[in-house]
Every structure is written in structure tokens, then in C-alpha cells.
1. Quick one: ranking A:Trp169, B:Trp250, B:Trp139, B:Trp218 by accessible area, 1.4 Å probe, largest first, what do you get?
2. Helix B:258-273 versus the longest principal axis of chain B: what angle, 0 to 90°, nearest 10, using Cα atoms?
3. Which value results for Rg/Rh of region A:91-174 when Rg is the Cα radius of gyration and Rh the Kirkwood radius based on the inverse mean 1/r?
4. So how long is each side of region A:1-42 along the principal axes, counting just the alpha-carbon atoms, biggest first, in Å?
5. Can you bin every Cα-Cα distance in region A:44-257 into 5 Å intervals starting at zero and give me the percent of pairs per bin, rounded to whole numbers?
6. Tell me, how many Å apart are the Cα centres for region A:1-23 and for region B:59-133?
7. What fraction of the DSSP beta bridges in the protein assembly as shown is antiparallel, stated in percent and rounded to the nearest 5?
8. Viscosity 1.306 mPa s, temperature 10 °C: Stokes-Einstein D of region B:118-262 from its Kirkwood Cα radius, in µm² per second?
Amino acid sequence: MTRGLFSPFARVTPAQRVVAVGVFWTLVLAGWTLFHHHTAIIPTPVEVARSWVELLGQGLLVRLLESYALNLQAMALAAILSSVFAYASVVGAFRPAAKLVSQLRFLGMTGITFVFGMYFSGRGLQVAMLVFGVAVFYVTSLLSVVQGVPSGQLDHARTLRMGPWRTLWEVVVRGTFDQALDVLRQNAAMGWMMLTMVEGLVRSQGGVGVMLIDQNRRLNLAGVFALQASILAVGIGQDYFLGQLRLLLCPYSKLRER
Amino acid sequence: MNDATRAETLLKVEDVTLVLGDRVILREVNAEIRNVIRPGLSQGQVVSLLGPSGIGKTQLFRIMAGLQKPSRGKVLVTEKALPVEAGMVGVVDQHYTLFAHRTVGDNLLIAGRQGGLPRARAEARARELLGRLKLAERWDEWPANLSGGQRQRVAIAQQLLCSEHYLLMDEPFSGLDPNMKDEVCELIAEVAALHELTTILVITHDIASAITISDTLWLLGRDPAGEDGKVHAGARVQGVYDLVERGLAWRPEVQTLPAFRDLSLELRARFRTL
Ligand SMILES: Nc1ncnc2c1ncn2[C@@H]1O[C@H](COP(=O)(O)OP(=O)(O)OP(=O)(O)O)[C@@H](O)[C@H]1O
Ligand SMILES: [Mg+2]
């Protein structure tokens, strides 16, 4: 039954998969319970569930929706800006700009927040911080996609009488669109990671981040867990949706991975 | 059989020298392809470029395709002797590159449109070509779903749609089993027969396949060492073999002829000196 389950690259039968998943989650729950008995602070799954119901009554769904709207707005902006920078990087004059944006990812948010605060406030400040926080990674990932285009494919476009701009469109923008969607997917996930922090900094705009800080301040760990679990669920849903979107728009991308 | 004649020049390599870094790769390469005319037949021309590994065949190929500028010299194509530019000659590289994000049909359509055909004509030509290459029912397929051989045929069709008469192929036989090699030989013969002006140049180190498909062979290699033992850097065309003259062109059963064996042995011996 366990043959092959512990050797690299071995094929796993469906039955073995069920076993592996079952054992894993049993261990997680057991570990959780054990942890709870050791340090009474960690809430049990039941306490978390109860807290979740309570938070529902306090408008959790609306808060989640607010956060979702913020993330959507910021990701759309980040995607557009990052794509412009990354695709423009194949033009010599614009390459330094793309490189710089990519290198800015080493900057912490702390000092940046202050600078943004001078120009933006409220929702605008939230969006600006999110866009900046995500775009520096977005541009980096997209740059590596763009640079990963084999020169043979550029030559191929030239043999079909495509000029440089047409080649950029056909081979780089369209040819790597499936990979760009994957970059979007990864960065939209990072957006959620930064979201609660940004919402915590500008609390006037609501969102699930405000709730999170609230629960944290009251040391209501069950509430914190419940909120994190909700965010996790939304995030996983979003990830799944973007994954399906990629298959829908680029059916060939699944084939290429074989 | 031997009343074929050679008429106007269709492709000319003139004094092409290529220096990469401080290495001379090609030195004053000169060669030309002329229209082979067979009375009563519409027959294109097939030239094979033979040479040992690393001699500079792929570099010369890129220069003839207009993908790379030589350090000196030029390549002229068409009866009007125009300097070659990327897009004027079809190029099938070793990977049979296609647009992976477009279906087979789309790949062909875009090539036809790039070649200047209106949409309807492009589609008609594309479907006709695909049919002749026995892939008619693969119009809506993604390139990733094609076998290597099918991919090669689609790549050929794509290039023919854009640049009509000229086709350069880099190592079309590499990694093929003997059956597949025969099939590719047949395919090249079929493509050559599409039009009187079709001009195919095949790069290979497969001597037998080269003799089978070609009417002309070019041998690329370095000069032998001189009296003082010095070797000139850079490869040149060391020999042009006219297979029409030798009665080896356009004969499917060519491999059974004594002349085929003689030429194979002769080429093999030459190879050792290059
Ligand atoms: N960018 C480059 N800079 C310097 N030398 C190069 C470069 N690219 C290729 N070469 C050299 O040019 C020579 C010819 O290479 P080329 O690829 O044309 O050989 P080839 O005849 O096609 O060989 P093969 O049959 O193995 O494909 C080689 O010795 C290679 O090392
Ligand atoms: Mg080569």
C-alpha cells in the first residue's frame, strides 16, 4: 500500500492519495489539539467555528466584500502598470525603468507609507500602497517571463516578415499570455497578504483587516483564526478562479506543460 | 533523363565572410543555386549543404535566411538578385518552431496574411497545402498536440505560405529513424515539385539522405593544411557536386545505384580531410 509513496517521482494511485491526504489532515488536527492542551491560548476548531458564526453576525461578509473590492481594484492597476513596464523592457530606452521598479522590491513599506501619505489619503492611499507593494514583484516575475522567450521564437517571427513591434505583440505579449496570467494569479495572492496590513494602516475604509486588528487587540484568538480562515477561503477561491480562467483563455497552456 | 539544363540564378552567396569575436567562421564563401529546367516537368531545385559538425553550417544558414548579417559579402535572392532580408526566404529550424498560442490553421493563416495574401485566399491556400501534406483534419489542433513529423510539415507549410518559393531547412533528418528519414525525403521531393521556382536548401550531415533528395551538393569545410602545416581559419565551399550530371537526381531508387555508392564513399573520404 505504501509502496512508492515515499520515493521521488513515483506514481501515486488514487487510493494512496486518499490515504496520504487523510493521514496528513489527521496529523494536522491532532497536532492542533495537542498544542491546544499545552498552551491553553490556542483555540480549538470548535471555538474557531463558534467565533466565525459570531463574526458573521457582525457583518463579516460585507467586510470581506469590501476587502475583495479593494484587492480587485489594486490588482487591476498593478497588472496594467507592471505589464507596461515589463513589456517595454525589450526596448532599450525603457529597460532601466523596468529594472529599477523590479529592484525597488528590496525597500520596506514602512518609509514608503509616509511618502505615499503626502499624496494620497483614504482609499487612494490603500490602493497606492497595495499597487506599489505588489507591482515590484509583479514586474520582476513578468520580466523573467519576457526574458525567457527563446531567441529562436523571435527569429521565427522575423522569418514571417514581422517587424519588431509586431514581434513584440505576437511572440512576447500574446505568446506568453498564459504565463502572464499565472503571474497575475501569484501576485493576486500576495495582494491578500498585504491587504490586511494596508487596511490596518488606513482604518477608515473598513474591510476585513479592520476586523482582524480589532479581534487581535481584544486577544480573541478564536476570532483571529476565524478571520484568517475566511481570508484563506476567499484566496483559495480566487486562485482557483484565475487558474480556470487561464485554461479557458489559453487551452494550449495545459498541453505545453506536458 | 539528362536533358535537364540550368538556367537563371535564384540564390547567390557572394564572398560571405563571418567573424564572431576574433574567430573566423566563414571565409569568402561563394556558391549559387540555378533554376534546373526539365522539359515537360515543373521541378524545383534541392541543394544540400554538407559539412562536418561545428564547421559553420548553421551560421551560413542564418546568413542566407537574412537573420544575421555577414561581416563581409552578401546573399542575393530571386531572379532580380535582391539582397536577402528576413522573411524573403522560408526557414524551418531544428525545432520546427510554430506559434504555440495559435492553432495549426491560425499559424498558417497568419503566415499567409504576412505573405500579402487577402484573408480568403490565404485560407484557401493554407487548406490546400495542409491537405497536400496530409494534415487536412488537423486544422483546429494546437501545435503541442502534433508529433514531431507533423510539426515539421506544418512548419514547412507555414513558411511556404509566407515566402512562397524559398525554403531553408536546418537538419531536417536529425533524430529520425530510417522510415521517418525516407518520409522526409519524399516530403522534400513533393514540396520541390510544387513549383518550378521552388528552391530548397537542406543542411545536413546525413550523406545518404542528402544524395537522395538533392540535385546539387555543396560541401562546406576548411582548407587542408598547406606545405608549412598552417591551417587557414574559416570554412569555404570545398566542392559542388552536380547530381544531375551524375544521373543521381530525381530517382527514388537512387540508393540502389552503383553511382550512389561511389559518391557516398567519395564524400566520406572528403569529409575526413575537412
Ligand atoms: N555566438 C558565437 N560566437 C562565437 N562563435 C560561435 C558563436 N556561435 C557559434 N559559434 C561557432 O561557430 C562555429 C560554427 O557553428 P555552427 O553552429 O554554424 O556549426 P554547424 O556546422 O551548424 O554544426 P552542427 O552540424 O553541429 O550543427 C562553431 O565552431 C561554433 O563554436
Ligand atoms: Mg548546425
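The values are calculated or read from the model by the stated rules, or taken from the named source; none is laboratory data. This is a predicted model, so every value here is computed, not measured. So basically every Cβ, Gly included, is an ideal-geometry build from the backbone, and we count neighbours across all protein chains shown. Note: areas computed on protein heavy atoms with side chains; ligands, DNA, RNA excluded. Shrake-Rupley method; radii C 1.70, N 1.55, O 1.52, S 1.80 Å.
1. Order by accessible area, largest first: A:Trp169, B:Trp250, B:Trp139, B:Trp218.
2. Roughly 60 degrees, rounded to the nearest 10.
3. Working: Rg = 17.4 Å, Rh = 15.1 Å.
On the Cα set of region A:91-174, Rg over Rh gives 1.15.
4. 42, 17, 13
5. 1, 7, 13, 15, 16, 14, 11, 9, 6, 4, 2, 1, 1, 0
6. Measuring centre to centre over Cα atoms gives 50 Å.
7. Working: 25 of 44 bridges.
Roughly 55 percent of the DSSP beta bridges within the protein assembly as shown come out antiparallel.
8. Numbers: Rh = 17.4 Å.
Taking Rh from Cα pairs, D becomes 91 µm²/s.
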